[in-house]
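Notes for the one structure printed next.
The values are calculated or read from the model by the stated rules, or taken from the named source; none is laboratory data. For clarity, every value in this text was computed on a predicted model and none was experimentally measured. Counting neighbours? That spans all protein chains shown, and the Cβs are built from the backbone with ideal geometry, glycine included. These area figures cover heavy atoms from the full protein model, side chains too; ligands, DNA and RNA do not enter into them. Shrake-Rupley method; radii C 1.70, N 1.55, O 1.52, S 1.80 Å.
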Amino acid sequence: MPILSKYSDQQVENLVDDLLKTLVAHKAPLDLSLMCLGNTLSHIINEKVPAAQRQALIDNFTQALKDSAK
């Protein structure tokens, strides 16, 4: 079953494009890009998600990442 999002494909594509442009503008190699994206995720999770819900969100996110990389 496809996952429905409250965000349009265009919204997602625009934001991803901006993030990628920033990494390219800084000539960030793969390891630095992944480190910065990981730090950004950690910051967002720690600032926006209540502590009691973080592990479940992280588990769901990592599974979605694994699934998308197949």
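Nothing charged except the Cβ atoms of Lys and Arg (+1) and of Asp and Glu (-1): what's the magnitude of the dipole of the chain about its Cα centre? Round to the nearest 20 debye.
On the way: 7 positive and 8 negative charges, 26 e Å.
For the chain, the charge dipole is close to 120 debye.
Going by a ≥ b ≥ c, the root eigenvalues of the Cα gyration tensor, does the chain fall in the rounded group (a/c under 1.5), the prolate group (a/b larger than b/c) or the oblate group? Before the final figure, lay out each step's value.
Values: a/c = 1.66, a/b = 1.23, b/c = 1.35.
Cα axes put the chain in the oblate bin.
What are the lysines whose alpha-carbon lies under 29 Å from the alpha-carbon of Lys6, with same-chain residues fewer than 8 places away excluded?
The reachable lysines, counting only those whose Cα sits under 29 Å from Lys6, are Lys21, Lys48, Lys66, Lys70.
Leaving out ligands and nucleic acids, and using a 1.4 Å probe, what accessible area per residue does region 7-70 come to in Å²?
Numbers: 5590 Å² over 64 residues.
It amounts to 87 Å² per residue over region 7-70.
Express the carbon and sulfur contribution to the solvent-accessible surface of the chain as a percent, rounded to the nearest whole number, probe 1.4 angstrom.
On the chain, the fraction of accessible area on carbon and sulfur atoms equals 63 percent.
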